[in-house]
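> Provided herewith is a single structure, encoded as C-alpha cells, for subsequent inquiry.
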Amino acid sequence: MTATRDHGPLPGLLLALTVGTGLVDAVSYLTLGHVFVANMTGNVVFFGFAVAGVGGISWPATLLAVGCFGAGAFIGGRYGSTRKTHRGQLLAVTCGVQCLLVAATASLAAYAEPERRGTQLAMIALLAAPMGAQNAMVRRLAVPDLTTTVLTLTTAGLFADRTSNQVRLRRMTSILAMLAGALIGGLLLRHSQIATPLWIAAAVHAGCAVTSDRLRRRDAADSWG
C-alpha cells in the first residue's frame, strides 16, 4: 500500500533529516561518552557492554538515552493519533520541536561546559527525546526505505531484494545521506567546536519544518496527505 502511495515531497525532506541524524549522532558518540541518541540498536549493545564492565561505556548515559528516546517517541506517537493529520503538518510540527531542542543543546555546548558530566547528560537527554519523536513521526509517514535513523534493513534490502532501479537508488541515497551527515559532523568536530554540527542540525530541522508547512498548504498537497 505504501509502495504505491503518493509521498509528494516527503522523500526529499526525510533524506535531509537523515543527514541531520548523522550530524547529531556524530556529536553524541564522539563527544558525549560513546552513546547514540538516534540509533537505539547500538545503545542496547552498549548497555550490555557497560553492564559487563568492558569498553569504558557509561551505563547511566546509555540508559538515559534510551529512556529519553522512548519518552520522545511516546509523545510523538500521540500527536495526531486521535484525528486525521496531514502528513506535511505532522512533519512540520515534529521538525519544529526538534529544531528548538537541538538548538537548546547547541547552546549548552556553546555556553556551558560540555566537558562536565552533568552538561553531557543534559545534552544526551535533549537530543534523544526529539530523535524519538522523529522516529514516531517517520513510522506514521510510512515512506518505504526512509527510516532516517536505522539503516540495517535498508542495507539488507539493497543487496537481498530484487527490486527496481528506483528502489535501489532510494535505498542507496538514504545510506549516503547518513554517511554524509556523519562525515560532516566528524569533520566539524575535528576542526571546530562541539556546538557547530548541532547548529547545522537545528538549521536542517528548521528548513524541513518551514518547507513542509509551506508545501502542505498547496492544493497538490491533498494527494500526498
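> Of all the residues that make up the range 41-66, how many are part of a helix (DSSP H, G or I) and free of Cβ contacts under 8 Å to residues at least 40 places away in the same chain? Give the derivation first.
Of the range 41-66, the ones part of a helix (DSSP H, G or I) are 41-52, 59-66.
Right, trim to free of Cβ contacts under 8 Å to residues at least 40 places away in the same chain and you get 42-52, 59, 62-63.
Final tally of qualifying residues: 14.
> Please pick out the residue among Gly42, Gly88 that is in contact with a Phe, Trp or Tyr (Cβ under 7 Å, 6 or more places away or on another chain) and under 26 Å from Ala180 (Cα atoms). Working first, answer last.
Details: Gly88 fails: in contact with a Phe, Trp or Tyr (Cβ under 7 Å, 6 or more places away or on another chain).
Only one candidate qualifies: Gly42.
> Continuing with this model, one more query. Among the candidates Val54, Val97, which residue alone is surrounded by 16 or more Cβ atoms within 10 Å (Cβ to Cβ) and among the aliphatic types (A, V, I, L, M)? Reasoning before the result, please.
On the way: Val54 fails: surrounded by 16 or more Cβ atoms within 10 Å (Cβ to Cβ).
The match here is Val97.
> Inspect all residues belonging to the range 173-187 and state whether any of them is surrounded by 16 or more Cβ atoms within 10 Å (Cβ to Cβ), among the hydrophobic types (A, V, I, L, M, F, W, C), assigned to a loop (DSSP other than H, G, I, E, B) and out of contact with any Pro (no Cβ under 9 Å at 6 or more places or on another chain).
No, every residue in the range 173-187 fails to be surrounded by 16 or more Cβ atoms within 10 Å (Cβ to Cβ), among the hydrophobic types (A, V, I, L, M, F, W, C), assigned to a loop (DSSP other than H, G, I, E, B) and out of contact with any Pro (no Cβ under 9 Å at 6 or more places or on another chain).
> Collect the residues in the range 124-163 that are outside any helix (DSSP H, G or I) and closer than 20 Å to Gln98 by Cα, keeping them in residue-number order.
Those that are outside any helix (DSSP H, G or I) and closer than 20 Å to Gln98 by Cα: Ala142, Val143, Leu146, Thr147, Thr148, Thr149, Val150.
> Moving to a separate point now. Which members of the range 188-206 meet the condition of being part of a loop (DSSP other than H, G, I, E, B) and touching a residue at least 12 places away in the same chain (Cβ under 8 Å)? Full working, then the answer.
Filtering the range 188-206 for residues part of a loop (DSSP other than H, G, I, E, B) gives 192-194.
Within the range 188-206, Gln193, Ile194 qualify.
> A further question on this structure: Quick check on my filter: what residues within the range 92-115 are among the hydrophobic types (A, V, I, L, M, F, W, C), part of a helix (DSSP H, G or I) and in contact with a helix residue (DSSP H, G or I) (Cβ under 7 Å, 6 or more places away or on another chain)?
Start the filter on the range 92-115 by keeping residues that are among the hydrophobic types (A, V, I, L, M, F, W, C), which leaves 92-93, 95, 97, 99-104, 106, 108-110, 112.
Restricting the remaining residues to those that are part of a helix (DSSP H, G or I) gives 92-93, 95, 97, 99-104, 106, 108-110.
Residues satisfying the conditions are Ala92, Cys95, Val97, Cys99, Leu101, Val102, Ala103, Ala104, Ala106, Leu108, Ala109, Ala110.
> Kindly indicate the residue of the range 14-69 that is more than 14 Å from Leu121 (Cβ to Cβ) and of a type in the set (Ser, Thr, Tyr) and also modelled with the lowest pLDDT among those meeting that condition.
So the residue we want is Thr41.
> Only one of these is touching a residue at least 12 places away in the same chain (Cβ under 8 Å), closer than 13 Å to Leu91 by Cβ, within 19 Å of the chain's Cα centre (by Cα) and surrounded by fewer than 18 Cβ atoms within 10 Å (Cβ to Cβ): Ala209, Ala142. Name it. Before you say what the answer is, go through the steps one by one.
Details: Ala209 fails: surrounded by fewer than 18 Cβ atoms within 10 Å (Cβ to Cβ).
Ala142 is the lone residue from the list that is touching a residue at least 12 places away in the same chain (Cβ under 8 Å), closer than 13 Å to Leu91 by Cβ, within 19 Å of the chain's Cα centre (by Cα) and surrounded by fewer than 18 Cβ atoms within 10 Å (Cβ to Cβ).
> Among (1) closer than 22 Å to Ala203 by Cα; (2) surrounded by fewer than 21 Cβ atoms within 10 Å (Cβ to Cβ); (3) touching a Pro at 6+ places or on another chain (Cβ under 9 Å), where does Leu121 come up short?
(1)
> Kindly establish whether Phe74 is of a type in the set (Phe, Trp, Tyr) and either within 17 Å of Thr147 (Cβ to Cβ) or not in a helix (DSSP H, G or I) (or both). Don't jump to the end; show me each part of the working.
Values: of a type in the set (Phe, Trp, Tyr): yes; either within 17 Å of Thr147 (Cβ to Cβ) or not in a helix (DSSP H, G or I) (or both): no.
So Phe74 does not fit the description; no.
The values are calculated or read from the model by the stated rules, or taken from the named source; none is laboratory data. On a predicted model such as this, the values are computed, not experimentally measured, just so you know. Ideal geometry is used to build each Cβ from the backbone, glycine not excepted, and the neighbour counts take in all protein chains shown.
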